Amino acid sequence: MLTVRAPATSANLGSGFDVFGIALESPADVVRVERADETTISVSGAGSQYIPEDPEKNTVGAVAEALDAPAHIRIDKGVRPSSGLGSSAASAAAAAVALNELYDRGLSREELVPIAAEGEALVSGAAHADNVAPSLLGGFTIVTGDGITQVDADVSLVACLPEITISTRDARGVVPESAAMADIVETVGHAATLAVGMARGDPDLVGRGMGDGIVTPERAALIDGYDRVRAAALEAGATGVTVSGAGPTLLAVCRPSSRRAVASAMVGAFEATGIDSRAYQTRVGSGATIYRD
């Protein structure tokens, strides 16, 4: 038996729609695999009641098929589905690493990215790699048609998850099909600033680089209390706030010294809106980790 822990992720980061992603130190999914003649799946943990155990409908089933690696697979969900924290990507990444190791397929982490992304397609409808790449590789990742660039960033974060649900499909449905050139130019500038900030571990640059007037406003409108929570986080010391992935989680960048205050402010602001929430005081973390039982 083999166990792999794969971290939650945050994609887009405001200005990097479908391109930027980061691994979070917490929360995470834990996947245990054991060789078998055919694949079976069991799921426990956060939101497990909403996750199908049929291998043909589960992300890890698609990964097992792609690797020709049948197994008994147990998923312990630490990342709630429909959270905007790469829940399906964490399971897919963990399964890809575990089954690659279990069957000695010899694939690199980079080669596992498209395989894990195919598992993601079962949930989101498309094989995007902006979540699976950081979950596999760790750090800050830039995914383009030419490949993946990875940076080991050191930035403190707060991920605040409200008790509401937004499906990835619905969130993609509000993405504009076109944008004004001025908005595109501004977003490119912000994206460049964010990338430099990640490379330098500079929370001020990262926060400033989260600005986006194209996709984020449309997704923010789906989240009750977004403006209030964002304002509270900035007042408490956050350098930038945006929607994590498809939402409803809000991601705040901050200095380590203000992380607790930012988390408290975000939870309090959601509570003032009548919504329960949970804040993860975290940071950019490493990718999937193997544990041998």
Pair list, Cβ < 6 Å and 6+ apart or interchain, from region 83-101 residues that are closer than 11 Å to residue 6 by Cβ and at pLDDT below 95 to residues that are crowded, with 24+ Cβ neighbours inside 10 Å and basic (Lys, Arg): none
Tabulated pairs, region 199-223, first farther than 17 Å from residue 12 by Cβ and at pLDDT 95 or above, second among the basic types (Lys, Arg) and surrounded by fewer than 20 Cβ atoms within 10 Å (Cβ to Cβ), C-beta under 7 angstrom, 6+ apart or interchain: 203/255
Scope region 63-79; condition of a type outside the set (A, V, I, L, M, F, W, C) and either assigned to a loop (DSSP other than H, G, I, E, B) or surrounded by 19 or more Cβ atoms within 10 Å (Cβ to Cβ) (or both); matching residues: 68, 70, 76, 77, 78
Residue ID - farthest from residue 1 (Cα to Cα), chosen from residues in region 249-293 that are of a type in the set (A, V, I, L, M, F, W, C) and in a strand (DSSP E or B): 254
Among residues of region 151-163, those that are in contact with a Phe, Trp or Tyr (Cβ under 9 Å, 6 or more places away or on another chain) and either among the hydroxyl-bearing types (Ser, Thr, Tyr) or surrounded by fewer than 20 Cβ atoms within 10 Å (Cβ to Cβ) (or both), counted: 3
Unmet requirement for residue 53, which otherwise passes all of (1) closer than 19 Å to residue 131 by Cβ; (2) in a loop (DSSP other than H, G, I, E, B); (3) not aromatic (Phe, Trp, Tyr): (1)
Single residue of 233, 246 found to be aliphatic (A, V, I, L, M) and under 16 Å from residue 16 (Cβ atoms): 246
Residues of region 7-39 satisfying the condition of being more than 11 Å from residue 131 (Cβ to Cβ), in contact with a His (Cβ under 9 Å, 6 or more places away or on another chain) and hydrophobic (A, V, I, L, M, F, W, C): 33, 36
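Here are some residues: 60, 43, 4, 33. Which one is in contact (Cβ under 8 Å) with a residue 60 or more places away in the chain and either in a helix (DSSP H, G or I) or under 22 Å from the mean Cα position of the chain (by Cα) (or both)?
Selected residue: 4, the only one of 60, 43, 4, 33 that is in contact (Cβ under 8 Å) with a residue 60 or more places away in the chain and either in a helix (DSSP H, G or I) or under 22 Å from the mean Cα position of the chain (by Cα) (or both).
Please specify each residue of region 224-246 satisfying the condition of being among the small types (Gly, Ala, Ser) and either without any contact (Cβ under 8 Å) to a residue 60 or more places away in the chain or closer than 15 Å to residue 15 by Cα (or both).
Scanning region 224-246 gives 231, 232, 236, 237, 240, 244, 245, 246.
The values are calculated or read from the model by the stated rules, or taken from the named source; none is laboratory data. Predicted model, so just to flag it, every value in this text is computed and none were measured. Quick reminder, even Gly has a Cβ in these numbers, built from the backbone with ideal geometry, and neighbours come from all protein chains shown.
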